[in-house]
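The values are calculated or read from the model by the stated rules, or taken from the named source; none is laboratory data. This one's a predicted model, so the numbers in the text were calculated from it and none came from an experiment. Heads up, the Cβs are rebuilt from the backbone with ideal geometry, glycines too, and the neighbour counts pull from every protein chain shown. Protein only, heavy atoms only, side chains kept; ligands, DNA and RNA dropped before computing areas. Shrake-Rupley method; radii C 1.70, N 1.55, O 1.52, S 1.80 Å.
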Amino acid sequence: MGSEADSEEKPIHQVRIGYSFYIGKTEVTVRQFLAFIEATDYQTDAEKERWAWTRTGRRDWDPEPLICWWNLPFTQSEDDPATCISWYDAMEFCKWLSAETDMQIRLPSEAEWEYAARSGGKKEKWAGTCKLSDLKEFAWYDENADRATHPVGQKKPNNLGI
């Protein structure tokens with residue numbers, strides 16, 4: 001885990017995950033999150049507080065008034081990833097989905113997420129590649145996303161099918 005290129009990710013270190021786990025192939029979509037909202041009448045933290053954190057540059061996060069998962073400065077389809085979701089909102093979604101599926105659904109740990117994102121612990125820097133020139137095949141990011149989300153599952157999966 002970690003990266004020498006980012007001071008917040010230093011140092012690179014070995015982590016062993018001594019168990020099997022499942023992880024979703026894509027982000028939770030607006031459609032999935034909407035099903036949760038409609039079933040529970042849940043109100044997200046951004047809706048309650050009337051603001052959410054937004055990223056305006058590569059490294060800065062700013063509070064943006066009146067932004068929430070259904071009120072964004074760009075148009076989303078129901079197949080786009082749900083955004084402006086707090087950790088608490090995500091935990092409530094997992095609790096609801098666990099009850100709906102009779103499975104134990106939880107957020108991945110940092111180590112589990114990084115293992116999955118790096119194609120099973122290989123040395124890929126990003127999703128399924130070490131080359132920035134290939135990243136556009138695997139991911140939407142600041143250079144190709146046009147400051148908006150896009151439907152999930154439209155990019156090439158990594159070696160784990162994620």
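Roughly speaking, what is the stretch gain from residue 109 to residue 9, that is 0.36 nm per residue apart minus the C-alpha to C-alpha distance, in nm to one decimal? Stretched out fully, the residue 109 to residue 9 stretch lengthens by 34.5 nm. Using a probe of 1.4 angstrom and keeping all protein chains present, the accessible surface of the chain works out to 70 square angstrom per residue. Close amide H contacts of residue 52 (hydrogens built in the peptide plane, cut-off under 5 Å, sequence separation of 5 or more or a different chain): 64, 66, 67.
As I understand it, the dipole of segment 8-162 uses +1 on the Cβ of Lys and Arg and -1 on the Cβ of Asp and Glu, about the Cα centre. Which of 28, 109, 99 lies farthest toward its positive end? Of 28, 109, 99, it is 109. Between residue 29 and 82, the built amide H atoms are under 5 Å apart, and every one of these is 5 or more places off in sequence or on another chain.
Charged side chains reduced to their Cβ positions (Lys and Arg at +1, Asp and Glu at -1) give the chain a dipole of some 700 debye around its Cα centre.
The orientation-averaged projection of the convex hull spanning the C-alpha atoms of segment 1-90 amounts to 8.3 square nanometres. With 31 Å as the limit, the listed pairs 10/155; 10/156; 10/95; 10/48 have 10/95; 10/48 beyond it between alpha carbons.
Could you state the number of Å between the C-alpha centres of segment 31-97 and segment 2-28? Between the Cα centres of segment 2-28 and segment 31-97 lies a distance of 24 Å.
Placing R0 at 30 angstrom, the Cβ-Cβ distance between residue 40 and residue 1 gives a FRET efficiency of 0.30 after rounding to 0.05. Karplus-derived 3J(HN,Hα) values for segment 26-32, using 6.51 cos²θ - 1.76 cosθ + 1.60 with θ = phi - 60°, are 9, 5, 5, 8, 4, 4, 5 Hz; glycine and proline are entered as x. The trypsin sites (Lys or Arg not before Pro) of segment 1-52 that meet both conditions, a loop assignment by DSSP and at most 13 other Cβ atoms within 10 Å of the site Cβ, are 16, 25, 50. Suppose R0 equals 30 Å; then what is the FRET efficiency for residue 159 and residue 48 from their Cβ-Cβ distance, rounded to the nearest 0.05? After rounding to 0.05, the efficiency reads 0.15. Ordering 53, 15, 87 by the projection of their Cα atoms onto the charge dipole of the chain, which places +1 on the Cβ of Lys and Arg and -1 on the Cβ of Asp and Glu, puts 15 at the extreme positive end.
Mean-square fluctuations from a GNM of the chain, with a 10 angstrom spring cutoff on Cα atoms, peak among 74, 36, 138 at 74. Computed from the C-alpha gyration tensor, the three semi-axes of the ellipsoid equivalent to segment 63-162 are 25, 21, 12 Å, from longest to shortest.
GNM remark for the chain: springs join alpha carbons under 10 Å apart, and the peak mean-square fluctuation among 139, 90, 39 falls on 39.
Computed from the Cβ-Cβ distance with R0 of 30 Å, the FRET efficiency linking residue 88 to residue 20 stands at 0.65. Remark: segment 136-148, residue by residue, has Karplus-estimated 3J(HN,Hα) of 4, 6, 9, 8, 8, 8, 4, 7, 9, 8, 6, 6, 8 Hz, where x stands for each Gly or Pro and the curve is 6.51 cos²θ - 1.76 cosθ + 1.60 at θ = phi - 60°.
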